[in-house]
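Nothing in this text is a laboratory measurement; each read-out follows from the coordinates by a stated rule. No experiment lies behind these values; they were computed from the predicted model shown. Cβ coordinates were reconstructed from backbone atoms using ideal geometry, including for glycine residues, and neighbour counts include every protein chain displayed.
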Amino acid sequence: MAIQKGDLLYAGKAKSVFRTDREGIFLVEFRDDITAFDGGKKDVLAKKGSLNARVSAFLFSHLKECGIPTHFIEMIDERSMLVRSLDMIPLEVIVRNVAAGSMVRTYPIAEGTPLNPPVLVMDYKDDSRHDPMLNDDLILALKIVNADELARIKELAHSINRILFQFFESLDITLVDFKIEFGKADGQILLGDEISMDSMRLWDAGTGESLDKDVYRFSKGDVLAVYRRVAERICARE
Ligand code: TYD
């Protein structure tokens, strides 16, 4: 699909979104920036953008094949994907299969405790308020979505978790937790944003080693080498 990149619409911490010359299609560019702790730690790592783009594209395609509606259309170069433009819903939907991260910092539960059934939480996406955690009543009171949309988001999040958990299990990787975002187009709810090593917590099932942004957050080693290894492991199924 020959398509022209247009104006920059929005630049996030690690991705930029551009208009295109096609109505309803945006271009998402994965940059080499990496940040953690609300932007308190920042670096640029050559090739990091293309590794996350490749993994996101692979996982969106896999989810699409499994019947999940997503915004993904196609990759047009190693760091740029075409997506359907969505009205983004300001929720960070987090699904947890194993206790880690903010869950063990906030609540009395040991890191590594399996969570069965998985735990779904939603944060209000607003950096200036530090993404406060919501519950169903707050989501409805704030009119972020209506009750039917909320039910659909939860159903999709659980389905996505089942599909991704099984996929990673087949690679001997534990999908500990991840964050996804949804948007609306033509009254339908679709998975948007990205699914990458920046937005998932992945542990090697054998060694427990981190294969995700925790390597960067907690200076556990060569983050680029880890991202490259895990991208190769994931995309070997292509
Ligand atoms: P969480 O444990 O809540 O936060 P932290 O990463 O600070 O320990 O994160 C759960 C998962 O969601 C983890 O895989 C990282 C991802 N996530 C994001 O991608 N962006 C975010 O803003 C947050 C809060 C989490």
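A few comments on the model shown:
- Across the chain, the relative contact order, built from alpha-carbon pairs under 8 Å that are at least six residues apart, equals 18 percent.
- Assigned charges on the beta-carbon of Lys, Arg, Asp, Glu; the range 1-141 dipole about Cα centre (debye): 380 debye
- Placing pseudo-labels 7 Å out from each Cα toward the beta carbon at Glu209 and Ile68 gives an inter-label distance of 2.6 nm.
- Rounded, prolate or oblate (a/c below 1.5 giving rounded, otherwise prolate when a/b exceeds b/c) for the range 33-165 by Cα gyration tensor: rounded
- Entries of Lys47/Lys213; Lys48/Lys184; Lys5/Lys64; Lys125/Lys220 with Cα pairs more than 19 Å apart: Lys48/Lys184; Lys5/Lys64; Lys125/Lys220
- Residues of the range 223-238 with amide N under 17 Å of the 7 Å Cα→Cβ point at Ser61: 231-238
- ³J(HN,Hα) computed for each position of the range 38-45 - Karplus, 6.51 cos²θ - 1.76 cosθ + 1.60, integer Hz, glycine/proline x: 6, x, x, 10, 9, 8, 10, 10
- Cβ charges +1 (Lys, Arg) and -1 (Asp, Glu), total dipole of the chain, debye: 320 debye
- Structure-based [θ]222 nm, the chain - -39500 (n - 2.57) summed over DSSP H runs of at least 4, per residue, nearest 500: -9000 deg cm²/dmol
- Interchain or long-range residues, amide H under 5 Å from Met88's placed H: Lys184
- Vicinal HN-Hα couplings computed from phi for the range 155-166 (Karplus, 6.51 cos²θ - 1.76 cosθ + 1.60; Hz; Gly/Pro x): 4, 5, 4, 5, 5, 4, 4, 4, 5, 5, 4, 5
- Using C-alpha pairs below 8 Å separated by at least 6 residues, the relative contact order for the range 164-204 is 43 percent.
- Peptides 185-191, 93-99, 161-167, 108-114 ranked from most to least packed, by the mean per-residue count of other Cβ atoms within 10 Å: 93-99, 161-167, 185-191, 108-114.
- Alpha-carbon gyration tensor eigenvalues x 5, square-rooted, for the chain, Å: 25, 23, 18
- For the range 15-22, 3J(HN,Hα) computed residue by residue from phi via the Karplus equation (6.51, -1.76, 1.60; θ = phi - 60°) reads 9, 10, 10, 10, 6, 10, 7, 9 Hz, glycine and proline entered as x.
- Between Ala2 and Lys47, the modelled labels are 3.3 nm apart [label points 7 Å from Cα along Cα→Cβ].
- Pair Arg162, Asp77: separation of 7 Å Cα→Cβ label points (nm): 4.0 nm
- Mean separation of Cα contacts under 8 Å, 6 or more apart, over the residue count of the range 132-238: relative contact order %: 17 percent
- Projecting the Cα atoms of Leu202, Ser159, Leu190 onto the charge dipole of the range 146-238 (Cβ charges, centred on the Cα centre) puts Leu202 farthest toward the positive pole.
- About the Cα centre, charge dipole magnitude for the range 169-223 (Lys/Arg +1, Asp/Glu -1 at Cβ), debye: 200 debye
- R0 of 45 Å, Cβ-Cβ distance Arg237-Lys143: FRET efficiency to nearest 0.05: 0.65
- For Lys15, distant residues with modelled amide H under 5 Å away: Arg31
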